[in-house]
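The values are calculated or read from the model by the stated rules, or taken from the named source; none is laboratory data. Computed from a predicted structure; not experimentally measured. All Cβ positions, even for glycine, are placed from backbone atoms using ideal geometry, and neighbour counts span all protein chains on display. Keep in mind that these areas ignore ligands, DNA and RNA; they rest on the heavy atoms of the full protein, side chains included. Shrake-Rupley method; radii C 1.70, N 1.55, O 1.52, S 1.80 Å.
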Amino acid sequence: MKTPLRELWTGFRSLLTGMRVTLTQFFKPPVTVPYPYATLPIPERYRGHIELVRDPETGMSLCVACKSCEKACPSGCIVVEGIKREGDKKKSPTVFTVDFTRCSLCGSCVEVCPTEALRFSRRYNLAGTDREAYFLDLLKRLQAQAASTPTPATKA
Amino acid sequence: MTEPPEHQAAEFAAALAPDGAPAAPERPGPDSVSAHVVEFKRRGVHWEAHVPPAQVVAAARWFAEKGFALDTLTGVDWIAQGEMEVVYDFFHPHTFWRAAVRTRVPRDHPELPTVSEVFPGANWHEREAHEFFGLRFTGHPHLTPLLLPEDADFHPLRKDYAP
Amino acid sequence: MSTSAALADAARAAARAEGRETFVLNLGPQHPATHGVLRLKLTMDGEYIARAEPVCGYIHRMHEKMGENRTWAQFLPNTSRIDYLSAMHYTHAYVAAVERAAQLEVPRRAEFVRVITSELNRISSHLVWFGAFLLDLGGFTPLLYAFDDREKILDLLERITGARLTYCYYRFGGLYNDVDAEFLRGARDFVRYLRPRLDMYRELVTENIIFRKRLEGIGVADAELCRRYGATGPVLRGAGVAYDVRRAEPYAVYPELDFKIPTHPRGDSLARYLVRMEEMEQSLRIIEQALDLIPEGPFRSKVPKVLKLPPGDTCFAVEAARGRFMVRIVSDGRDIPYRVKLRTPSFSNLSLFEEASRGMLLADALAFLGSLDLVIPDIDR
Amino acid sequence: MTLPEPYRLAAFVLGALAFVGLNAAYLVWVERKGAARFQRRPGPTEVGPEGLLQPIADAIKLLSKQVIVPPGADALLFRLAPAVVMAPALMTFAVLPFGAHLTARPMSVGLLLAVAFGSINVMAILLGGWASRNKYAIISAARVVSQNVAYEIPLLLVVITLLMITGTLDLSEIVRQQAGGFWRWNVFKLWVNPLMPVTFVIFFICLLAETNRAPFDMAEAESELVAGAFTEYAGMGFGVFFMAEYANIVVGCALATALFLGGWQSPFGIGSGVGWFLLKLYLLIFTVVWIRWTFPRTQFYGLLNLSWKILIPISLGTLGLTSVLLKFIRP
C-alpha cells in the first residue's frame, strides 16, 4: 500500500514541479524580437550573396576577370567576362553576373579570388515575386553603390 | 572477436574457401576468395576481403555470426572494365573492427544473391543499390525503388546514365 | 500486384483469419508527426499497427550523383544539406575522408575548432530533436525553450561561419576562416548558460510522470535488433551498446578529451531520450576541455589548388548527431570523385521501424518514431 | 430583481449568449497570450492593441471560409454536430450561480442539469467524427467516447461525495452554504472529510478530461490524428467546435468554483459578490491554460488507467470515508 501511494505522490509532485517551471518562465520577459520592427545585428561574416569590392583608390572594381570564381562555383552560377583596356595593367570585368537562384552560398568564389575583389553582401531579407530580380548584375550594383555612397568604407 | 585483423582475415578466408585458396592480396581473380589487412589510417577499414558474387551470403553469415553489423552496401560502376562492384561495409558494435567485402558482377548481367535474410537492414540498402545501379538481388522480397519514384526504370548512378 | 501490396494483403489476411478487420491509414507525407515528408503506410487493426511500411524518397536529391559531376571541393556545399541539423558533422566526414585519401595534414588549432563547432552542432541538433519530440508527444512549450537555447548556438556559429544552418565551414586541410576570441568566450558562456537549462528540462520534462509513462517500455529496439539493421547513434546506445564513432574510430582530437559515452540498457524510447539528454551534457564537457586546450596557430594547411586523389577507396566515419555517418569515396585519380557513397544514420535507424512497430498502438508508434530522431533529407539524400 | 418573467428570460438569454460568445472569443486570446508568455513570446500583437482584436479577425477569417462537406460524409450529421456541441454548453449557463441573485433559472436540480448536459458534448464529437468519414476522425471519435465514459464515473462519484455534504442539488444553495470565509469552502472542509482537497483535484482532472483539454486532448491529438474529429471541418464548423471547447471550460470551471471554491463568496467572509466568482473562475481557467502549455499529452491507455485504476478507487474511497464521517461525527 505504501509504495503505490508514494508513487502517486511522486508523480503528482513531478507535475507540480513542471508547473512551477513554466510559471517562472511566465513572468520573464519574452526572448523574441518582433521582426519587422526590430532586427538583430547581422554578424560581420554573414554570407549574403556576393558583391564586388571597390578599390579604395580608384573606386573601380578590384576584379581582374581571371574567372577563378566561375570555375570554383559548384552550381555554375557566376558568369565573368573581361577585357584588357588600353593603358591598364590588368584585365577588368565587362560582365559579372550571379544567378542567385542557383547559388548555395558556400563562399568558394570569395575564397579563391586572388585579388579579394569579392565579398559577401549583407542583404538578408531576400524575398521577391519574380525570378529575374535574382539574376544579379554585380557591376551595376557596384555602380549603384558608388553613386549612393561616396566612401567605400560604408557598408552595403 | 578481439583478435587482430590479420587473424580475422585469415579466418574469414579459411571459412569461405575451405579448399585453401590463396589469401593473396594481389589483384584477386573474380572467382577466388581473398582477404587482407589494409592500413586503417589510409583506408578507414581494418581489413578487406574479396569474394565471388555467389558467396556473399556465406560471407554475410560469417560476419553475422561474429557479431558484426552491416554498415552499408553500395555499388560502384566500373564501366571501363565492364563490371559492377558491390561493396559491403561491416562494423562491430563491441570491438569496433571495420571490414569491407567486395564482389564484382558483370555489368551486363548484374545479379547476385540478397543478404537481407542475414541482415534485414540490407533490405533497404539493396533496394537502393537496385534502383541506383540496376543491380538485381535475387531472392530479395521486395525489390522496388525506395528513393526514386516507384515507376522509375532508370539507374542514375550508372556511368552511362544520361538524364 | 507489387510485392508491397502483397505483403499488406498478407497482413490483412492474417488479421481477418483471426476475426479482425484491418484498414490502411496513410500517415504523411504531410502529417504533423513525420517532421517533413516521410510517409508511413499503416495497415491498422483498430488502433493497433499490423504493418507499417515507410515510404521514402519524397525529398530525394541524388547527392551521390551530384558528387560525380563536380570537383572534390565543389561537393562541399552538398555535405551540409544532407542532414541539415548536423551539417558540421557531415562536412567533417567528407572533408576528413578526402584528407585521409590525400594524406593531408590538418593543423591542431583547426582540429580543436572542428571539435568545438561539431559539438555545438550536436547540441543544437539534439535540442531541435528534444523540442520536436515533445511536440510529437503533445507538449508544445519545451520546443520553444529548446529553440531559444539553439538560437544561441546558431548565433555563435553564424558569427564564425556566416551561416546559420548550412555552414560549409570546414575545408580540406583546415577551416574556411579562423575563430576569434569573441567566439571562444561566447562558447564558454554558452556552456555556463546551458547547464542550468538542462536542469530545467530535467524538472520540466524528464521527471514528468506523464512523459515517463508514455515512453517507458515503448518501442523497444534491443541490441540484437539494432545490429541486424545497422542502427547506430543514440538508438544503439539506448540499447546499452557503448558504440560511438568518436571512440570506435577516433578522429580529430577526441582521443585527447575526456568524455563518457552514455548508455541505457533498456532500449525503449525513454532510454534513447535519456541518452541524448546526457550526450548534451557530455558535449558541454568536451567543449569546455577543447576551449582550455585550443592552441594558437594556423587554421589551414597548404593544399594544392587542383586536388587530385590517388586511386582507390577511402572511408571516413564520424559520430553525427543521429549516429554513424560514413563517407566512402572512390577515386580514379582525377580531380572529380568517381563515386561518393553517403552512409546516413537515419536511413538505417528508420529501417528497423517496420519490424519494431508491429503490434504497437498508433500513438506509441509515433512516440517511437519521434525517439528515433529522423531527419528526412538524411534518409532520402 | 423582480423583472417580469419574459423580460427576465430575454435578458438572461442575451446575457448568456454574450457571455459565452465573449468568453469563447477572448479565451482564445487569453490562451494564445498565455501560451506565448509561458513560451517567452509576446503572442498576438498585430490586430489591435496587444492583439485584442485578434479574435474578431479570426472569426471573420473563419466565417469567410467555405464550409466543405466531404464527399461520402453524412451531410446531415456532419452539419448537426457543431450545433449539438454548442447547445448543451449554452443550456448549462441557465443554472450557473454567478451571484447571489444572478442566476438565469435557479433550479432545485441545477447540479443534475449541469452534469447531464455536460456529457452531451461527447455525443457531438462522436457524431462529427463519425459523419466526417475520415479514418483519423473515427479513431478520435472512438477515443473520445471511451475517455468520456471513463471520466464520467469519478466525476459523478466526486459530485455525490459533495452532495452528501451539502444535501442539495441547488447550486445557489450550495454556494450559500459556503459563506463566511475560505475555511468554510467545500474544498477546505477538512473536518467533514480530510480528503476534500484530493476530491477537488480529482474533480479538476475529470473536468480536463471531460472537456478534452490537454493533457487529455485525445480528441484533437494533433501530432497523431492531425486534428482528430475536427479534421474535416472547415470554416465556422471548426470555429464552433473551438468555441464549444472554451464554453465547456467556462462551464466546468464555473461548476468547480461553485461546488468547491465558494462561488461568489469572498474568502474573508465580507464583500461577497459576482466579482469573486469571476476571479475564481478565471483563475481556474488560467490554470487550465497553464496545464495545457506545461504537459505532454497522456497516452490513451494511460488515461484510461488513470481513471479506472487511480481516480475511481480514490473517489470511491473518499465517498466511503465521507459517508462514515458524516454518519458518526455529525449527527
Do any chymotrypsin sites (Phe, Trp or Tyr not before Pro) in region D:243-331 lie in a DSSP loop with no more than 15 other beta carbon atoms within 10 Å, and if so, which? D:Phe268
Just how much of C:Tyr58 is accessible, in Å², when a 1.4 Å probe is used and the result is rounded to the nearest 10? 100
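Please give the calculated 222 nm ellipticity per residue for the protein assembly as shown, where each DSSP H segment of at least 4 residues contributes -39500 (n - 2.57) and the sum is spread over every residue; nearest 500 deg cm²/dmol?
Working: 37 runs with 476 residues, N = 1031.
Rounded to the nearest 500, it is -14500 deg cm²/dmol.
Return the inverse of the average 1/r over all pairs of distinct C-alpha atoms in chain C, which is the Kirkwood hydrodynamic radius, in Å to one decimal. Spell out each step's value before the answer.
On the way: mean 1/r = 0.0464 Å⁻¹.
In chain C this quantity evaluates to 21.6 Å.
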When only alpha-carbon atoms are used, what values of Rg and Dmax, in angstrom, describe the protein assembly as shown? 33.3, 118
What accessible area per residue comes out for region A:30-156, rounded to a whole number of Å², with a 1.4 Å probe? 60
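Give me the 1.4 Å probe accessible area per residue for chain C, excluding ligands and nucleic acids, in Å².
Details: 11410 Å² over 381 residues.
Accessible area per residue, chain C: 30 Å².
Heavy atoms only, probe 1.4 Å: what % of the accessible area of region D:219-267 goes to carbon and sulfur, would you let me know? Don't jump to the answer; show the numbers that get you there.
Working: 590 of 840 Å².
Using a 1.4 Å probe with all protein chains present, region D:219-267 comes out at 70 percent carbon and sulfur.
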Can you give the FRET efficiency to the nearest 0.05 for C:Asn26 and D:Asp74, using r as the Cβ-Cβ distance and R₀ = 22 Å? 0.50
Can you give the alpha-carbon Rg of region D:79-143 over 2.2 N^0.38 Å, where N counts its residues? 1.40
Residues listed by number, region C:50-75, amide nitrogen under 17 Å from B:His142 label point at 7 Å toward C-beta: C:50-58
Restricting to Cα pairs under 8 Å and 6 or more apart, the percent relative contact order of chain C works out to 25
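What's the lysine pair count for chain D at a Cα cut-off below 24 Å, pairs eight or more apart or interchain? The partial results should precede the final answer.
Details: D:Lys33/D:Lys61; D:Lys33/D:Lys280; D:Lys65/D:Lys135; D:Lys189/D:Lys280; D:Lys189/D:Lys327.
Total qualifying Lys-Lys pairs in chain D comes to 5.
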Classified through the alpha carbon gyration tensor (a ≥ b ≥ c as square roots of its eigenvalues; rounded if a/c is under 1.5, else prolate when a/b is larger than b/c, else oblate), region C:225-294 comes out oblate
Run the numbers on chain D and let me know its relative contact order in percent, using alpha-carbon pairs under 8 Å that are six or more apart. 24
The helix D:235-260 Cα axis meets the longest alpha-carbon principal axis of chain D at an angle in degrees, between 0 and 90 and rounded to 10, of 10
Compute log10 of I(q)/I(0) for region A:50-148 with the Debye formula, placing one identical point scatterer on every Cα and leaving out solvent, at q = 0.22 Å⁻¹, to two decimals. -1.25
Tell me the Kirkwood hydrodynamic radius of region B:95-142 in angstroms, computed as one over the mean inverse distance between distinct C-alpha pairs. 11.7
Near A:Lys84, which lysines are there with a Cα under 30 Å away, not counting those fewer than 8 places off in the same chain? A:Lys67, A:Lys71, A:Lys140, A:Lys155, C:Lys305
What base-10 log of the normalised intensity I(q)/I(0) is obtained for region D:1-141 from the Debye formula, alpha carbons as equal point scatterers, at q = 0.11, 0.14, 0.22 Å⁻¹? -0.62, -0.95, -1.20
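Using only Cα atoms, what is the ratio of the radius of gyration of region D:210-290 to 2.2 N^0.38 Å? Working shown, then result.
Values: Rg = 16.0 Å, N = 81, 2.2 N^0.38 = 11.7 Å.
Scaled against compact globular proteins, the figure is 1.37.
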Gyration tensor (Cα) of chain D, equivalent ellipsoid semi-axes in angstrom: 33, 24, 19
Any chance you could get the radius of gyration and Dmax over the Cα atoms of region C:68-195, in Å? 15.7, 49
Determine the principal axes of the Cα atoms in region C:168-239, then give the extent along each, sorted from largest to smallest and rounded to whole angstroms. 47, 35, 15
Between D:Trp191 and B:His7, what is the spin-label point distance in nm, taking each point 7 Å from the Cα along the Cα→C-beta axis? 8.3
Give the interface area between chains C and A as buried accessible surface, both sides summed, probe 1.4 Å, in Å² to the nearest 100. 2200
C-alpha long axis of helix B:5-16 to longest principal axis of chain B, angle in °: 70
When the accessible area of chain C is computed with all protein chains present and a 1.4 Å probe, what percentage of it is carbon and sulfur? 53
In chain C, whole DSSP H helices that both stretch 18 Å or further along their axis by alpha carbon positions and average at least 0.0 on the Kyte-Doolittle scale are C:3-17, C:87-102, C:108-136
With the cut-off at 1.5 for a/c, could you classify region B:54-163 from its C-alpha gyration tensor as rounded, prolate or oblate? prolate
Solvent-accessible area buried by C and B, counting both chains, probe 1.4 angstrom, square angstrom: 4100
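What percent do you get for the relative contact order of chain A when only Cα pairs under 8 Å and 6+ apart count? Write down the numbers at each step before the final one.
Values: 187 pairs, mean separation 38.7, N = 156.
Reported relative contact order: 25 percent.
I'd like the FRET efficiency for D:Leu14 and A:Arg45, computed as 1/(1 + (r/R0)^6) with the beta carbon distance as r and R0 of 51 Å, rounded to 0.05. Before the final figure, lay out the partial values.
Numbers: r = 63 Å, r/R0 = 1.24.
Taking R0 as 51 Å, the efficiency between D:Leu14 and A:Arg45 is 0.20.
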Starting from the 7 Å offset along Cα-to-Cβ, what nm value, one decimal, do you get for the label separation of D:Phe328 and D:Ala179? 3.4
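What is the local net charge at C:Thr166, summed over the other residues whose Cβ is closer than 10 Å to its Cβ (Lys, Arg +1; Asp, Glu -1)? Numbers along the way, then the final one.
Numbers: positive: A:Arg47, C:Arg81, C:Arg164; negative: none.
Charge balance in the 10 Å sphere: +3.
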Along the Cα→Cβ direction, 7 angstrom out, place labels at B:Ala54 and C:Glu18. What is the inter-label distance in nm? 4.2
Round to the nearest 10 and give me the degree value, 0 to 90, for the angle of helix A:2-26's Cα axis relative to the longest principal axis of chain A. 40
What ranking of D:Ser307, C:Ser301 comes out by heavy-atom accessible area, probe 1.4 Å, highest first? C:Ser301, D:Ser307
Region D:188-331, Cα convex hull volume normalised per residue, Å³: 128
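Using r as the Cβ-Cβ distance of A:Tyr37 and D:Phe286, and R0 as 25 Å, what FRET efficiency do you calculate, to the nearest 0.05? Each step should come with its number before you reach the end.
On the way: r = 29 Å, r/R0 = 1.15.
Given R0 = 25 Å and the Cβ-Cβ separation, E is 0.30.
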